[in-house]
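The values are calculated or read from the model by the stated rules, or taken from the named source; none is laboratory data. All values reported here derive from a predicted model rather than from experimental measurement. Every residue, glycine among them, receives a Cβ derived from its backbone with ideal geometry; neighbour counts consider all protein chains shown. Just so you know, the surface numbers come from the protein's heavy atoms only, side chains and all, with ligands and any DNA or RNA stripped out. Shrake-Rupley method; radii C 1.70, N 1.55, O 1.52, S 1.80 Å.
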Amino acid sequence: MSTPNSPVWHPFTQHGLGDSIPLISHAKDSKLYDAGGNSWIDAISSWWVTTHGHAHPRIMAAIARQAETLDQLIFAGWTHAPAEALAAELVRITPAPLTRVFFSDSGSTSVEVALKMALGYWYNIGEARSRILVLEHSYHGDTIGTMSVGERGVYNRAWQPLLFDVDTIPFPHEGLEQATLDALEAACAQKPAAFIVEPLILGAGGMLIYPAWVLAEMRAICARHNVLFIADEVMTGWGRTGTRFACDQAGVIPDIVCLSKGLTGGSLPLAVTLCIEPIFAAHYSTDRAKTFYHSSSYTANPIACAAANANLDIWRDEPVQQRIDALADAQAAHLSLLSHDPRAQKSRRLGTIAALDIAVPDAGYLSNLAPRLIAFYRDRGILLRPLGNTLYVMPPYCITADELAQVWDAIGASLDSLEAG
């Protein structure tokens, strides 16, 4: 365990509660280990990033090789082979209109880049559009811009004075889809700059799922009104929803798409924002004032790019889709066993993501339910991190049948424990 006097300030952690923090020494496949021989099944892919498993040998080997030749390079006016290869392959595997790749280093920054691209596009072509449309309950990151386009609540209340105003479209709950589409149609008629959406499933918003046809209709509405459509595939990309990208299931081609998390297989921080050619063209000029002014010191880090190239090699050479399909089927089978349990409500699944809502009173984000469950699972060798009363399972694709069964057995035991008080 981490020592009480550690200087580390952990994210989304209230240190004043005095909770113990496990000290992990190494990881392999779907398991985390400490120096004392204890292990935990990583049932949430270490915050949704680990796809093929921890310490995948092909990715680790690529990192080691690249570290011996080029560790870091300024990317403003310079380039290197790992980034060039990665950009070319990303353009190849995404729809043809997405022709340009901008590198950054996290999901939040990839969304910041997307917003700045959209606003820069309209500014550079001389059209006054600056309003952003967002979907209710969305989450897009924790930087100022991404908090602005996400749901407002306790987790960003302190920074409210810094956040810019947006127009919110109601979430398309079952039976209310047309109201969402009508609201989007009306908002798009006011000529906003862009609409940003998490395709098919809202992650931190509670694993809320909506159908592919709604995503397709939202895209069509934006196209009719010439509103830029931004798909935040930071969590949904790289197979989580059952296909490589969630937009694939709706036949949707965004104007801008954000990718991160599984881009490197979860091994190193890296992100990209892909866009259509007109957005790049609006910034392409002999006028330096039209330059896209965004960067970070570690943009397109060569070692991270090498890891991402190894990830794409795995997708090309190994039966990744079969693993995804098998995990999706296994998740469905486990979830079905709880389908008639009144304590597990709104059971739902999309691809490899399974979720349910635990029926307990006073189950808001700040209730003690999630911390109690986190500790319960940790004591049983499982890493799960509920979102309020929403419990979800999103493991690496390499998880074994026995390991997945252990996860769901622990979930069943937790429901029994809650019922017993």
Practice item. Report yes if Gly150 is within 23 Å of Leu268 (Cβ to Cβ), of a type in the set (Gly, Ala, Ser), within 18 Å of the chain's Cα centre (by Cα) and open to solvent by less than 30 Å² (accessible area, probe 1.4 Å), otherwise no. Key: no
Review point. So which pairs qualify, if the first residue must be in the range 410-421 and under 12 Å from Ile382 (Cβ atoms) and in contact (Cβ under 8 Å) with a residue 24 or more places away in the chain, the second must be part of a helix (DSSP H, G or I) and open to solvent by 20 Å² or more (accessible area, probe 1.4 Å), the Cβ gap must be under 7 Å, and the two must be at least 6 apart or on different chains?
Key: Ser414/Phe376
Exercise for review: State which residue is most open to solvent (accessible area, probe 1.4 Å) when the search covers only the range 336-361 and only residues that are touching a residue at least 40 places away in the same chain (Cβ under 8 Å) and more than 22 Å from the chain's Cα centre (by Cα).
Suggested key: Leu337
Exercise for review: Identify the residue in the range 17-30 that is touching a residue at least 60 places away in the same chain (Cβ under 8 Å) and not polar (S, T, N, Q) and, among all such residues, is nearest to Trp238 (Cα to Cα).
Suggested key: Asp29
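If you take the residues in the range 197-246 that are of a type in the set (D, E, K, R) and open to solvent by less than 30 Å² (accessible area, probe 1.4 Å), which one is nearest to Leu176 (Cα to Cα)? If you could, list the steps in order and put the result at the bottom.
Kept after step one, since they are of a type in the set (D, E, K, R), are these residues of the range 197-246: 198, 217, 219, 224, 232-233, 240, 244.
Now drop any that are not open to solvent by less than 30 Å² (accessible area, probe 1.4 Å), which leaves 198, 232-233, 240.
On the way: Glu198: 18, Asp232: 23, Glu233: 24, Arg240: 26 Å.
The qualifying residue nearest to Leu176 (Cα to Cα) is Glu198.
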Review point. Within the range 1-47, restricting attention to residues that are modelled with pLDDT under 95 and touching a Pro at 6+ places or on another chain (Cβ under 8 Å), which residue is least open to solvent (accessible area, probe 1.4 Å)?
Key: Ser2
Review point. Within the set of pairs 6+ apart or on separate chains, which have a first residue in the range 164-189 that is open to solvent by less than 60 Å² (accessible area, probe 1.4 Å), a second that is of a type outside the set (A, V, I, L, M) and in a strand (DSSP E or B), and C-beta atoms under 6 Å apart?
Key: Ala187/Asp167
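Go through the range 147-184 and give me each residue that's touching an Asp or Glu at 6+ places or on another chain (Cβ under 6 Å) and not aromatic (Phe, Trp, Tyr). Before you say what the answer is, go through the steps one by one.
Applying the first criterion (touching an Asp or Glu at 6+ places or on another chain (Cβ under 6 Å)) to the range 147-184 yields 168, 170-171, 181.
Selection gives Thr168, Pro170, Leu181.
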Review point. Has the range 253-270 got any residue that is touching a helix residue (DSSP H, G or I) at 6+ places or on another chain (Cβ under 9 Å), more than 29 Å from Ile59 (Cα to Cα) and surrounded by fewer than 18 Cβ atoms within 10 Å (Cβ to Cβ)?
Key: no
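Within the range 93-108, track down each residue that is assigned to a helix (DSSP H, G or I) and of a type in the set (A, V, I, L, M).
Quick first cut of the range 93-108, residues assigned to a helix (DSSP H, G or I) only: 93, 107-108.
Selection gives Ile93 alone.
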Review point. Which of the residues that make up the range 362-407 are more than 16 Å from Arg343 (Cβ to Cβ), surrounded by fewer than 22 Cβ atoms within 10 Å (Cβ to Cβ), of a type outside the set (Gly, Ala, Ser) and touching a Ser or Thr at 6+ places or on another chain (Cβ under 7 Å)?
Key: Cys398, Glu403
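Residues are listed down the side, and each one gets a yes or a no for (1) out of contact with any Leu (no Cβ under 7 Å at 6 or more places or on another chain); (2) on the phi < 0 side of the Ramachandran plot; (3) not aromatic (Phe, Trp, Tyr):
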{"residue": "Ile221", "(1), (2), (3)": "no, yes, yes"}
{"residue": "His225", "(1), (2), (3)": "yes, yes, yes"}
{"residue": "Ala231", "(1), (2), (3)": "yes, yes, yes"}
{"residue": "Met235", "(1), (2), (3)": "yes, yes, yes"}
{"residue": "Arg240", "(1), (2), (3)": "yes, yes, yes"}
{"residue": "Thr243", "(1), (2), (3)": "yes, yes, yes"}
{"residue": "Gly251", "(1), (2), (3)": "yes, no, yes"}
{"residue": "Ile256", "(1), (2), (3)": "no, yes, yes"}
Exercise for review: Six or more apart or on different chains, Cβ under 9 Å: which pairs go from a residue in the range 70-84 that's of a type in the set (Phe, Trp, Tyr) to one that's surrounded by 14 or more Cβ atoms within 10 Å (Cβ to Cβ) and in a helix (DSSP H, G or I)? Could you list them?
Suggested key: Phe75/Ala83
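Looking at the range 102-121 only, could you name the residues that are surrounded by fewer than 21 Cβ atoms within 10 Å (Cβ to Cβ) and of a type outside the set (Ser, Thr, Tyr)? Before the answer, list the steps.
In the first step, residues of the range 102-121 are kept if they are surrounded by fewer than 21 Cβ atoms within 10 Å (Cβ to Cβ); the result is 105-106, 116, 119-120.
Hits for the range 102-121 are Asp105, Lys116, Leu119, Gly120.
Tally the residues that are of a type in the set (Asp, Glu), more than 24 Å from His56 (Cα to Cα) and modelled with pLDDT of 95 or more, restricting the search to the range 358-410. Spell out how you get there, then give the answer.
From the range 358-410, those of a type in the set (Asp, Glu) are 362, 379, 402-403, 409; that's our starting set.
Of the ones still in play, those that are also more than 24 Å from His56 (Cα to Cα) are 362, 379, 409.
Next, from what is left, pick out any that are modelled with pLDDT of 95 or more: 379, 409.
Number of matching residues: 2.
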Study note, to complete from the structure: Scanning the range 71-101 residue by residue, the ones that are within 21 Å of Phe229 (Cα to Cα) and loosely packed, with under 15 Cβ neighbours inside 10 Å total 4
**Study point:** Contacts under 6 angstrom Cβ, first residue in the range 37-58 being touching a residue at least 40 places away in the same chain (Cβ under 8 Å) and closer than 13 Å to Leu383 by Cβ, partner open to solvent by 30 Å² or more (accessible area, probe 1.4 Å) and of a type in the set (Phe, Trp, Tyr), 6 or more apart
**Key:** Ser39/Tyr33
